[in-house]
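Engineer: Dropping a structure here in structure tokens format, bear with me for questions.
The values are calculated or read from the model by the stated rules, or taken from the named source; none is laboratory data. It should be emphasised that the depicted structure is a prediction, and the values quoted were computed from it without experimental measurement. Cβ placement follows ideal geometry from the backbone for every residue including glycine, while neighbour counts extend to all protein chains displayed. All accessible areas refer to the heavy atoms of the entire protein, side chains included, with ligands and DNA or RNA removed. Shrake-Rupley method; radii C 1.70, N 1.55, O 1.52, S 1.80 Å.
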Amino acid sequence: MEGVLQQIEAYRSEINAFPVTNAAQLEEYRIKFLGTKGVVKSLFGEMRNVPADQKKEFGLVLNDFKQFAEAKYETAKETATHSQTSAANDMDLSLPGDPVQIGSRHPITLVRNRIIDIFHRLGFAVADGPEIEDDWHNFTALNLPENHPARDMQDTFYIHQNPDWLLRTHTSNVQTREMEKGNLPIRIICPGRVYRNETISARAHCFFHQVEGLYIDTDVSFADLKQTLYFFVQEMFGKDTQVRFRPSYFPFTEPSAEMDVTCTICGGSGCSLCKHTGWVEILGCGMVHPSVLENCGIDSNQYTGFAFGMGVERITQVKYNVNDLRLYSQNDIRFLKQFSSAV
Ligand code: DAH
């Protein structure tokens, strides 16, 4: 047995010296020491020749040697596979990374947020309401009863199951709902998506975005309306921008007006945006009609209010000279990325 023990010691030294830094060497090692015809196996075969009273002791030595040989294999396997992966990837951590394209907010979102921000500074809170609305909140409560001719300009999409439901044509439905709640005074803006039954072209779309505003309190006057909108325009388009109000008609306001601003593109000298007039229309407004207040349960002898409504696409067009409404929903990155740092 003495001879075998010496042999085992020699194998230990050989194992210690055996290079196992790559997969090929590792396999060579496995075959030589741990394989079916390997060293460990053949040493176990020696058991037969060991006298019975020494078998136990020899068994312990052999097991110890086997564990020793296996341990080297396991550790080497870890390192060899790792070095193989990094070699395969050929990874150089000092190389600059691939640039990641960071997206930007949609121009409609940017402009809408800017509008909200400006009115927020005047104390207007954001109010929200449903896009699928009933006839009352979108039309009738706002002095637009069935068969009123002004409904023609706001044809929309009706829901089959219930003809009383429709896709809202303006965010004025939120105004109706807020007035019905009766928490006075009211000072809100209503941003949101609205729908119209229009053939899609550069100037019309079946959906667009609005921000409407409503201020109701005792003693609210047209002067408040003018000053509020003038502040908005100066913040949105710059201090040089002037406004003008033209008498107009909306069933839900009396008096009603449309507001123009001096052309932001040509500064008034005349261009295609302002159709060579120097002015561009950006919103409708007026004093809330007393019967609209009454429809919503507000005493029109005690309260007055003003309201206004603007299209976010229109404001964006005037600010950035966008000449085709379809661009907003075509998802063309060449268009969208131009607004990343705008507003
Ligand atoms: N709702 C109108 C529209 O969609 C815009 C509007 C005009 C809203 C005057 C108002 C307003 O609140 O007072 O065309």
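Engineer: State, to one decimal in nm, how far the label point of GLU57 lies from the label point of VAL100, with both points 7 Å from Cα in the Cβ direction.
Structural biologist: If labels sit at GLU57 and VAL100, their model points lie 6.7 nm apart.
Engineer: Same structure, new question: Quick one: helix 107-121 against the long Cα principal axis of the chain, what's the angle to the nearest 10°, folded into 0 to 90?
Structural biologist: Computed tilt is about 60 degrees.
Engineer: Which residue, PRO247, PRO145, PRO99, has the most motion in a Gaussian network model of the chain that connects Cα atoms within less than 10 Å?
Structural biologist: Result: PRO99 has the largest fluctuation of those listed.
Engineer: With each label point set 7 Å from Cα along the Cα-Cβ vector, what nm distance links TYR73 and PHE231?
Structural biologist: About 8.2 nm, to one decimal.
Engineer: Return the Rg/Rh ratio of the range 1-133 with Cα-based radii and a Kirkwood Rh. The partial results should precede the final answer.
Structural biologist: Values: Rg = 34.5 Å, Rh = 21.3 Å.
Taking Rg over the Kirkwood Rh, I get 1.62.
Engineer: Heads up, I need the accessible area for ASP90: 1.4 angstrom probe, whole protein in place, Å², nearest 10.
Structural biologist: Taking all protein chains as shown, ASP90 has close to 120 Å².
Engineer: Something else: Quote the FRET efficiency, to the nearest 0.05, computed for ASP240 versus ASN323 with a Förster distance R0 of 30 Å and r equal to the Cβ-Cβ distance. The partial results should precede the final answer.
Structural biologist: Values: r = 23 Å, r/R0 = 0.76.
According to the calculation, E is roughly 0.85.
Engineer: Measuring from label point to label point, each 7 Å out along Cα→Cβ, what is the SER201 to ASN113 span in nm?
Structural biologist: Simple spin-label model gives 3.4 nm for this pair.
Engineer: Quick check: Cα centre of the range 4-32 to Cα centre of the range 102-129, how many Å?
Structural biologist: 72
Engineer: Now, a different point. Taking only the alpha-carbon atoms of the chain, what semi-axes of the equivalent ellipsoid follow from 5 times the gyration tensor eigenvalues under a square root, in whole Å, largest first?
Structural biologist: 84, 25, 18
Engineer: Further question: Given the options HIS209, HIS276, HIS289, state which has the largest fluctuation in a GNM of the chain using a 10 Å cut-off (strictly under) for Cα springs.
Structural biologist: The residue that fluctuates most here is HIS276.
Engineer: Carbon and sulfur together cover what percent of the accessible area of the chain at a 1.4 Å probe radius?
Structural biologist: Of all accessible area on the chain, carbon and sulfur atoms account for 51 percent.
Engineer: Roughly how tilted is helix 2-17, in degrees to the nearest 10 and between 0 and 90, from the longest Cα axis of the chain?
Structural biologist: The answer is roughly 30 degrees.
Engineer: For the range 150-241, which chymotrypsin sites (Phe, Trp or Tyr not before Pro) are both in a DSSP coil and crowded by at most 13 other Cβ atoms within 10 Å?
Structural biologist: Loop-located and lightly packed - none at all.
Engineer: Which cysteines in the chain lack any other cysteine whose Cβ sits under 4.7 Å from their own Cβ?
Structural biologist: Result for the chain is CYS190, CYS206, CYS285, CYS296, no neighbouring Cys Cβ within the cutoff.
Engineer: How much FRET efficiency would the formula 1/(1 + (r/R0)^6) give for GLN302 and HIS148, where r is the Cβ-Cβ distance and R0 is 22 Å, rounded to 0.05?
Structural biologist: Here the calculated transfer efficiency is 0.20.
Engineer: Could I ask something else about it? For the range 93-145, report the translational diffusion coefficient in µm²/s to the nearest whole number, using Stokes-Einstein at 10 °C, 1.306 mPa s, and a Kirkwood Rh over Cα pairs.
Structural biologist: 101
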